[in-house]
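A.B. asks: Just dropping this structure here.
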Amino acid sequence: MINLNVNLNKLNDTSIDILAFGAHPDDVECAAGGVVLSTTASGGKVVIADLSRGEMGTFGDPVSRKQEAELASKILGLQDRIQLDMGDGNIENSQKNRLEIIRLIRRYRPKIILANAINDRHPDHQKASDLVSQASFLSGLKKVETIDDGILQKPWRSKAVYHYIQDYFIEPNIVVDISAFYKQKMSAIKTYQTQFISAVDQQANGTISLLKQIESTNCIFGRAINVRYAEGFTTERYVGTTNLLELL
Ligand SMILES: [Zn+2]
């Protein structure tokens, strides 16, 4: 586990608002960067945990991708960023990996957990989605014991797990207006220079670039709620209320 030491804002207590997991560095930026920015802009605390170092990507290597992740983290205003090494292209929903995720959940005690898309083109995404979902539940069980820094951790269950939407179109349960943060989100994504070289090549071949894909996805979700740009999420829970007016 590598702590990227990007905690520009010192973590004063151990409870954060959002812990966002991504199978690869840049997953969270591309699919939920706007939500991260809107949270940190209003003083919320966000930590990102990358499950792999992205070493199997066609472009870049672990060293360059780590530097890119550090830069993106500063733009996003993260409290912290953790890079695990579960193996790019081979992320497994194993007991060992579940315990690693549980250790992070119990360390940061997030209100909300963000996870990869429930179904996607890259097989790591669905596997990471299942892995994080199951670990999020198990984290609340007292008899699942984890040690962090030599101390037995207390159980913690977050209020919600939301899955962002990546390459495949999935109908969202929640859409979040990110129009005010769209430009900043794209700046964070563009720090991953090794990944977006390919975008230029694709454009030259007449197909849609990765950046354009992200823009069009955000436009489609934005259209659903009549705003310019939005990010979509699926939920594992119902949104309950005693007063419909609260949802307006
Ligand atoms: Zn990915």
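The values are calculated or read from the model by the stated rules, or taken from the named source; none is laboratory data. Everything numeric here is computed off the predicted structure, so don't read it as measured data. Positions of Cβ are backbone-derived with ideal geometry, glycine not excepted, and every protein chain shown enters the neighbour counts. The accessibility values were calculated without ligands, DNA or RNA, using every heavy atom of the protein model including side chains. Shrake-Rupley method; radii C 1.70, N 1.55, O 1.52, S 1.80 Å.
A.B. asks: Express the carbon and sulfur contribution to the solvent-accessible surface of the stretch 29-95 as a percent, rounded to the nearest whole number, probe 1.4 angstrom.
C.D. replies: Within the stretch 29-95, the accessible surface is 50 percent carbon and sulfur.
A.B. asks: Would you mind working out the accessible area per residue for the chain, using a 1.4 Å probe, and quoting it in Å²?
C.D. replies: It amounts to 50 Å² per residue over the chain.
A.B. asks: Quick one: 3J(HN,Hα) in Hz for the stretch 148-163, Karplus 6.51/-1.76/1.60 with θ = phi - 60°, rounded, Gly and Pro as x.
C.D. replies: 3J(HN,Hα) across the stretch 148-163, in whole Hz: 10, 6, x, 10, 5, 7, 8, x, 8, 10, 6, 5, 8, 10, 10, 9.
A.B. asks: I've got another one for you. Can you sort ASP85, ASP124, ASP17 by 1.4 Å-probe accessible area, starting with the largest?
C.D. replies: ASP85, ASP17, ASP124
A.B. asks: Summing -39500 (n - 2.57) over the DSSP H runs of n ≥ 4 in the chain and dividing by its residue number, what mean residue ellipticity at 222 nm do you reach, to the nearest 500 deg cm²/dmol?
C.D. replies: So the calculated ellipticity at 222 nm is -12500 deg cm²/dmol.
A.B. asks: Might you report the magnitude of the Cβ-based charge dipole of the stretch 2-236 about its Cα centre, with Lys and Arg at +1 and Asp and Glu at -1, to the nearest 20 debye?
C.D. replies: 780
A.B. asks: Of ILE112, ILE91, ILE170, which has the most accessible area with a 1.4 Å probe, and how do the rest follow in descending order?
C.D. replies: Final ranking, largest accessible area leading: ILE112, ILE170, ILE91.
A.B. asks: Would you mind checking LYS142/LYS190; LYS45/LYS143; LYS74/LYS143 for any pair whose Cα atoms are more than 30 angstrom apart?
C.D. replies: LYS142/LYS190; LYS74/LYS143
A.B. asks: Averaged across orientations, what area in nm² does the convex hull of the alpha carbons in the chain project?
C.D. replies: 13.6
A.B. asks: Sorted from largest down, give the three principal axis spans of the alpha carbons of the stretch 124-248, whole angstrom values.
C.D. replies: 55, 44, 24
A.B. asks: If DNA, RNA and ligands are ignored and the probe is 1.4 Å, what is the ranking of ARG228, ARG237 by accessible area, most exposed first?
C.D. replies: I get ARG228, ARG237, largest accessible area first.
A.B. asks: Between GLU171 and ASP130, what length in nm is gained on full extension when 0.36 nm per residue of separation is reduced by their alpha carbon distance?
C.D. replies: 12.9 nm
A.B. asks: With labels modelled as points extended 7 Å from the Cα through the Cβ direction, what inter-label distance (nm, one decimal) is found for GLU92 paired with GLU145?
C.D. replies: Each label point lies 7 Å from its Cα, and together they span 2.4 nm.
A.B. asks: Then there is this: What are the chymotrypsin sites (Phe, Trp or Tyr not before Pro) within the stretch 134-187 that DSSP puts in a loop, where the Cβ has at most 14 other Cβ atoms within 10 Å?
C.D. replies: TYR168, PHE169
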